[in-house]
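What follows is one structure encoded as structure tokens, with my remarks underneath.
The values are calculated or read from the model by the stated rules, or taken from the named source; none is laboratory data. Remember, predicted model here, so these are calculated numbers, not experimental data. Because the Cβ atoms are built from the backbone with ideal geometry, glycine has one as well, and the counts that use them run over all protein chains shown.
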Amino acid sequence: MSLIDTLARLEAVDSGRAQPLATVRHRRLTDRPLVLVPLTTAGEAGAPLGALVGTDRRAPRLLAVAQPRDRDLRFAFLAELAEAVLPHIDAHADAVEPAERSEVDPETGRKTKVEVELCVDAAQLVVPSRAGVDFVRLLGRSMRFRRTAEDDPDIPYPAPARVPLLGRWLTHYGERARVPGSSLLPAATDLLNRHWATGQSSLEDQHLGALLAWIDPPAGESGAEAALRAELDRDGEGQLRCPPAGPATDPAFDNKLLAPAIEAYDRARTALAAAQDGLAADALLGEVHRAEQGVRALLAQVMLPTWDAVWRALDLLRELPEGSRVADRWTRDRWSFTGHRDRVRAGEPPQPRRDDAVTAARKLASREAAQAQLEAQEALDDPLVLAGRRLAGEAFLGEVTGVEMAYTESKRPSPRPLVTVLTEERPHLGERTKVYRSLDGKPQTAEFVGYAAGEPAPAGDAADPAVLVVLRITDRMGRGREPAAGSVPEPGDRIVWTLFEHDQRGGPKLPDAEDTPWTHGGPPGSAPAAEQPDPVTAEDLL
């Protein structure tokens, strides 16, 4: 946690209201995100209990499993979930625009630009909390290898046709959520925590109701009081007025309401199975339907507050203007979405359970680069974020007091002007440390030469006087002997210089599959076989 984040939390405690950590929104919110509020069975992480899903805040679609231990009902739930999610994904997958992409020619080894399709927009899924992201990843892992009747007509308990396809998409979304700065599968709590600091712990910040209470408390009530009420307040039946954001349920709800409702449903089904004639079966079928509706009503009662809270969080976030570099990160999400669409339509096998060594190394390297790029872009987009980097000595603001033209000692001298900057800050500058400034949206590099001879008069507090820093500009001045117009700062300019790079450079190239040694997935030249679905075991049959 940075110093400015700590100060913001202390100020939130003192004022009783969440404090802003950003002046712009650093994540993309699409016009029609698909909100998913999942619910799981207590004690069984992979057993879905219900979900609210939809793009219209006034008309959520309720999915429920009246008996989570029934395999057929769970498959029916997954099939309904596929019917609700896949049309939203397909609608974005079919709208494309032409784009160019660099590819390496296998014969010449040179990069050439080829024209490909790029989805105009990507389907965005929003869940209440980070646990919801984990549940989406778990659902994808449990669904993408399921076999259907088309794959094997003789398989017992075949999965509905579109369930494996939904599993592949959810797996992709879960993997993309691990990329810093991605907006394909955001959690509402993470979005709010990025933009506001509360006076509670990071664990408590995962309760969506408490988090919203800090950010937008009721009139006449502090954030701490409203958050405590959101976490603990119960009605006359002992049920939470603000249920947790899921997918976990409250034990009081499980024991007092849900368990009796599921038992009533089981009794009705048992009686229906034992019916001796058609008239009795018709009457008992109505009892089964009423018991199922009772379970659905309970699940809707516990999920609707979270559904409303997610949309309220999106409203608060939309009040912030979008950062200028958010579109660049969203374009990378669109490329990722388009690439997975192409793999699915090309008939490639599902994602493996475990990545090979080279794939895992590539993912790790790309995520590290994305994290560094995200931190740099957020600082460049947001003065409040940049203030934290300045406090940490990773950037400084200064006024140009003088410019001295200098040149390289070569056959064709190039300009290397020396710029003297007056600053009251204390960046961590060492010998030949590189610093950067933004010039027409691109980074311009300079080297730290040293401090100017003769200290200037102290500015402001005498205990913290200003200093003169001498920098040498090294690039982006054109190819002529004289620098291009506007490429060299002028006296009086106030410029922010950063010690971090604005654009993250790529790392070393990893070997191709055929060059990978046997210790990392070889032997060379042997392609790994596509991973097969799980075999049916005794545990799969009830």
- Going through the range 344-373 one residue at a time, which ones are buried (at least 19 other Cβ atoms within 10 Å of the Cβ) and assigned to a helix (DSSP H, G or I)? 373
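Conditions (1) modelled with pLDDT of 95 or more; (2) outside the structural domain of residue 12 (by TED's automatic domain parsing); (3) in a helix (DSSP H, G or I); (4) in contact with a helix residue (DSSP H, G or I) (Cβ under 7 Å, 6 or more places away or on another chain), marked per residue:
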{"site": "115", "(1), (2), (3), (4)": "no, no, no, no"}
{"site": "135", "(1), (2), (3), (4)": "no, no, yes, no"}
{"site": "157", "(1), (2), (3), (4)": "no, no, no, yes"}
{"site": "161", "(1), (2), (3), (4)": "no, no, no, no"}
{"site": "164", "(1), (2), (3), (4)": "no, no, yes, yes"}
{"site": "169", "(1), (2), (3), (4)": "yes, no, yes, yes"}
{"site": "190", "(1), (2), (3), (4)": "yes, no, yes, yes"}
- Which one of 252, 264, 230 is farther than 25 Å from residue 310 by Cβ and without any contact (Cβ under 8 Å) to a residue 60 or more places away in the chain? 264
- Message: Residues that are part of a helix (DSSP H, G or I), on the phi < 0 side of the Ramachandran plot and among the charged types (D, E, K, R): does the range 240-253 have at least one?
- Response: no
- Selection status of residue 59, on the phi < 0 side of the Ramachandran plot and surrounded by 13 or more Cβ atoms within 10 Å (Cβ to Cβ): no
- Query: So which residues in the range 1-21 are in a loop (DSSP other than H, G, I, E, B) and either outside the structural domain of residue 182 (by TED's automatic domain parsing) or surrounded by fewer than 18 Cβ atoms within 10 Å (Cβ to Cβ) (or both)?
  - Reply: 1, 2, 16
- Query: Looking at 439, 386, 380, 422, which is the one that is in contact with an Asp or Glu (Cβ under 6 Å, 6 or more places away or on another chain) and outside the structural domain of residue 183 (by TED's automatic domain parsing)?
  - Reply: 422
- at pLDDT 60 or above, assigned by TED's automatic domain parsing to the domain that holds residue 422, exposed (fewer than 11 other Cβ atoms within 10 Å of the Cβ) and not charged (D, E, K, R): does that describe residue 506? no
- Which condition number does residue 479 fail, the rest of (1) assigned to a strand (DSSP E or B); (2) modelled with pLDDT under 90 being met? (1)
- Query: Condition test on residue 305, is it surrounded by fewer than 18 Cβ atoms within 10 Å (Cβ to Cβ), touching a residue at least 24 places away in the same chain (Cβ under 8 Å) and either under 26 Å from residue 176 (Cα atoms) or within 27 Å of the chain's Cα centre (by Cα) (or both)?
  - Reply: no
